[in-house]
Amino acid sequence: MQWASERMKNGGKHMPSKYDVYWQNKLTEIEQLLKDAHKYGRSGELNVSDITNYGKRNSWYGVVEVFENGIRKGETAHAKSLGNVIIRNKLLDSFEKTAFKLIISTNLGLRAEKLDVRERIDPFQTIPVKKISHVVNENIEIRKERLVEILKEIPWETWKNIVREESEWKLMGSFLNSYGFGHFAVLIVVAGLNDYQLKGKAEEVYWPGIRKVLESSSIPKSTRDLFNILEPFYKKERLNSIKVQRLKKFLDSSLADKL
């Protein structure tokens, strides 16, 4: 593995950080996170919101990976400080060369994950399906959490700029004021669900077609009204029976009603 050891890079010396004192005062809790991750693959979360007393940041998300000789992926000062404190206090000594990833979420929860969770598997050994399923499901959940953390880091202005470039917004955005947010949200979601297997490019035939239908109809007051407006349009589309069924299923859902 190509680990970048902080102790090697700094000639064996640790560069002090303003966050060192904070992590030093939480050694017992951090050690427990490592124990849980070592035993279960990952730990629960520790609330570290009081770290904001030690500095100001636009985002508190951070990741550091620690192993017996140093750290890597400690790009942010507070995450790097955490890794160095763990190494300096030899918290890994009792874990038999296990490496850990520590994640500080945007809402200031700290958790640990064991990096070497894969067991040595005999290629001729029969592996229970339930065991494989558990590992796959766990990995999927971990990836979902990481994706959420990444998406949280995208600034709101960037999201708005992305939306403004979409044909949905360019052709449908004008309905927002007249429909109101709730009705408009339901409209965009249900139309998006049927945005596939079209008769042409979405920006040329699909969204303009829906816009034309809506412009010639009164503003819907309920999901039933919206269904009655859009059903004739989808009956003329490709895979029309499936799309009408999907239209009805979503508009009858508790989510659509809540929106």
Margin query: Compute and list, largest first, the equivalent-ellipsoid semi-axes of the stretch 159-258 from the alpha carbon gyration tensor, each √(5λ) rounded to a whole angstrom.
Written below: 18, 18, 13
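Could you order the peptides 193-199, 54-60 from most to least packed, using the average number of other C-beta atoms within 10 Å per residue?
The most tightly packed comes first, giving 193-199, 54-60.
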Checklist line | Convex hull volume per residue in cubic angstrom - Cα atoms of the stretch 6-120 | finding: 99 Å³
Next item on the list: In whole angstrom, note down how far apart the Cα centers of the stretch 156-175 and the stretch 36-104 are.
Entry: 38 Å
Check: How would you order 105-111, 160-166, 61-67, 249-255 from highest to lowest mean count of nearby Cβ atoms within 10 Å?
Finding: 61-67, 105-111, 249-255, 160-166
Next item on the list: Straight distance only, please: which lysines reach the Cα of LYS18 with their own Cα at less than 16 Å, same-chain residues fewer than 8 apart left out?
Entry: LYS26, LYS56, LYS80
Next item on the list: Could you work out the relative contact order of the stretch 6-120, using alpha carbon pairs under 8 angstrom and six or more residues apart, expressed as a whole percent?
Entry: 31 percent
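Read the figures in this text as sums done on the coordinates, not as results from a lab. What you see is a predicted model, and the numbers here were worked out from it, not measured in a lab. Positions of Cβ are generated from backbone atoms using ideal geometry, with glycine treated the same way; all protein chains shown enter the neighbour counts.
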